[in-house]
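The values are calculated or read from the model by the stated rules, or taken from the named source; none is laboratory data. Keep in mind that what you see is a predicted model, and the values were worked out from it rather than measured. Cβ: placed from backbone, ideal geometry, glycine included. Neighbour counts: every protein chain shown. To get the accessible areas, we keep the full protein, side chains included, count just its heavy atoms, and leave off ligands, DNA and RNA. Shrake-Rupley method; radii C 1.70, N 1.55, O 1.52, S 1.80 Å.
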Amino acid sequence: MSATHPLPDADVLDNQQCCSLGSGPLTQDESVHYAGLFKVLAEPARLQMLSQLAAAGCRPVSVGELTEMMELSQPTISHHLKVMTEAGLLDRRRDGRCVIHQVRPEVFTQLRTVLQIG
């Protein structure tokens, strides 16, 4: 499913100020860093898992709890959580025999800033 969005007329663009991403141009290092995070998030299962974590109030969630929420196997959940944790999107800690994951909101604040156009 693809939506088309008409482009503004050239006259409209001439009358508007240019816009930038976030607070200005990204450095090469910042571009590489944020592109890596977006690449990790470009997997539908990871976005779905992230939305489940967010819907749970971004509270710490065990792998078992997340497996119950999703229609994916525990090994698949664990793999995706590992990828997101290694990218710095989630925090991970062991609590006895359980592995607990939690969203790192500050990282998503940075991503939001990068995408903000205005």
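Only one residue in Asp91, Asp11 is at pLDDT below 90 and either part of a helix (DSSP H, G or I) or loosely packed, with under 14 Cβ neighbours inside 10 Å (or both), so which one is that?
Selected residue: Asp11, the only one of Asp91, Asp11 that is at pLDDT below 90 and either part of a helix (DSSP H, G or I) or loosely packed, with under 14 Cβ neighbours inside 10 Å (or both).
Looking at Gly36, Gly88, can you tell me which residue is in contact (Cβ under 8 Å) with a residue 24 or more places away in the chain and at positive phi?
Just a single option satisfies the conditions, and that option is Gly88.
Can you name the residue in the stretch 61-87 that is within 14 Å of Ile100 (Cα to Cα) and hydroxyl-bearing (Ser, Thr, Tyr) and is also least open to solvent (accessible area, probe 1.4 Å) among such residues?
Within the stretch 61-87, the match that is least open to solvent (accessible area, probe 1.4 Å) is Ser62.
How many residues does the stretch 99-118 hold that are at pLDDT 90 or above, open to solvent by 20 Å² or more (accessible area, probe 1.4 Å), not β-branched (Val, Ile, Thr) and not in a helix (DSSP H, G or I)?
Here the count works out to 2.
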